[in-house]
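Asks: This is the structure I want to talk about, given as structure tokens.
Nothing in this text is a laboratory measurement; each read-out follows from the coordinates by a stated rule. All of these numbers come straight from a predicted model, not from anything done at the bench. We place every Cβ from the backbone using ideal geometry, glycine too, and count neighbours over all the protein chains shown.
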Amino acid sequence: GSTIGILGGGQLGRMMAMSAAQLGYRCHIFSPEEHSVAAEVSAQFTKASWHDREALAAFASACDVVTYEFENVPVEPLSAIPAGMLAPGTRALEIAQDRVSEKRFVEELGGLPAPFAVVDHDADLAEAIEKVGTPGILKTRRDGYDGKGQWSIASAHEADGVRVPASGSVYEGKVRFECEFSVILVRGREGEVRFWDSTRNRHDSGILAHCELPAPAIVGEQVEAARTLAQKIAEALEYVGVLTCEFFATANGPLFNEMAPRVHNSGHWTIEGAVTSQFENHIRAIAGLPLGDTASVSGTMVMDNLIGANALDVAKHLSDPKAHLHLYGKAEAREGRKMGHVTRVG
Ligand code: ATP
Ligand code: MG
Ligand code: MG
């Protein structure tokens, strides 16, 4: 059978590899991590630095197609992978790795991000706050996830002690949203696009905690505009695979928050809650297979993340006949760490 290469070794790669196995593929994980929960369910594992071009070239030559489950893979060394083998491509990575280029890209396509100002030096912050107003959030341009690398700024004087990270940052106005939702789409090699239903997403301390269907009416009112933008993004990037865009539903319509050029935590419910999961359709898309039906199997569904010590209470979930328990096989339940999730459909 064919071999699918996956850059990144976390739980998203693990769930991708499990779907790939169902379709008869073998997976080969590339990750610098010592312990990879994706490698544990895959045929091969190359443990090497993201900057090791030789290792990347050897990895690619052992694969038929290469994808990624982690959006902060350094782009420059990826030229060691033959052009056309990588899906989605490097352009999606370049844009999604920098919050500023991501927002500008989306604005050019007619999307509306939260008001923002670039803050690359300590001296830029006061001006940014004056322009955008308070309250706001200062975010690192690069490498932030699960709310890490973000600082709330309630008033201008709070900014006095804030040190801007060397890699630069962006100051965003705090959006008064009614709820959050994401658009998850899959785009095939021939350009066909399909969408999953949009759940209401709830975050706790910057980390996704919960997704639910049905979403409030405002999501239904705004999802078409959000889908149109997400599809434009996918088309502009000649994207192949699953793409996620996060939105704030506000009184003035959907505001774009950020994108992830990959399968997404807010789509984990699709494993049991949709005819075809985000993981299976991602594999189908990059392998050039026909896409599967993205329809929900029920209008009612909840997905709860198991974060840190919450994951220790597995007996409760195992005794619930409706609960589909997923554990990622991570060794330590550190605070704020995503250890697994539980989905209940219907
Ligand atoms: P991840 O990539 O894991 O989704 P992240 O670290 O990139 O997270 P963001 O998506 O930027 O973080 O922010 C995390 C959460 O913080 C958002 O989902 C939202 O709940 C809140 N948040 C972020 N930016 C804003 C904003 N401008 N206004 C209001 N809330 C915000
Ligand atoms: Mg993010
Ligand atoms: Mg986010």
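Asks: Looking at region 20-73, which GluC sites (Glu not before Pro) are in a loop (DSSP not H, G, I, E or B) and have at most 11 other Cβ atoms within 10 Å?
Replies: 34
Asks: So, one more: Give me the compactness ratio for region 86-191, meaning the Cα radius of gyration over 2.2 N^0.38 Å.
Replies: 1.19
Asks: While we're looking at this one, here's another question. Mind checking region 291-346 for trypsin sites (Lys or Arg not before Pro) that DSSP puts in a loop (not H, G, I, E or B) and that have at most 14 other Cβ atoms within 10 Å?
Replies: Loop-located and lightly packed - 322, 334.
Asks: Subtract the Cα-Cα distance of residue 142 and residue 293 from 0.36 nm times their separation in residues, and report this length gain in nm to one decimal.
Replies: 50.9 nm
Asks: Is the shape of region 227-346 rounded, prolate or oblate, going by the alpha carbon gyration tensor and its root eigenvalues a ≥ b ≥ c, with a/c under 1.5 for rounded and a/b larger than b/c for prolate?
Replies: prolate
Asks: Within region 256-346, list the GluC sites (Glu not before Pro) lying in a DSSP loop whose Cβ has at most 14 other Cβ atoms in a 10 Å radius.
Replies: Here the sparse-neighbourhood loop sites are 332, 335.
Asks: Can you give the FRET efficiency to the nearest 0.05 for residue 217 and residue 322, using r as the Cβ-Cβ distance and R₀ = 30 Å?
Replies: After rounding, the FRET efficiency stands at 0.75.
Asks: Pairs of alpha-carbon atoms within less than 8 angstrom and 6+ residues apart define the contacts here; what relative contact order does the chain have, in percent?
Replies: Reported as a whole number, the value is 14 percent.
Asks: What is the fewest-to-most order of 35, 157, 28, 210 by other Cβ atoms lying within 10 Å of their Cβ?
Replies: Fewest-to-most Cβ neighbours within 10 Å comes out as 157, 35, 210, 28.
Asks: Name the residue farthest towards the positive end of the dipole of the chain from the options 25, 328, 260, assuming +1 on Cβ of Lys and Arg, -1 on Cβ of Asp and Glu, about the Cα centre.
Replies: The Cα lying farthest towards the positive end belongs to 25.
Asks: Express the Stokes-Einstein translational diffusion coefficient of the chain in µm² s⁻¹, to the nearest whole number, given a Kirkwood radius over alpha-carbon pairs, 20 °C and a viscosity of 1.002 mPa s.
Replies: Diffusion coefficient, whole number: 103 µm²/s.
Asks: If you stretched the chain out fully between residue 192 and residue 252, how much longer would it get, using 0.36 nm times the residue separation minus the C-alpha to C-alpha distance?
Replies: 18.6 nm
Asks: What number comes out for the charge environment of residue 219, summing +1 per Lys or Arg and -1 per Asp or Glu over other residues with Cβ under 12 Å away?
Replies: Charge balance in the 12 Å sphere: -4.
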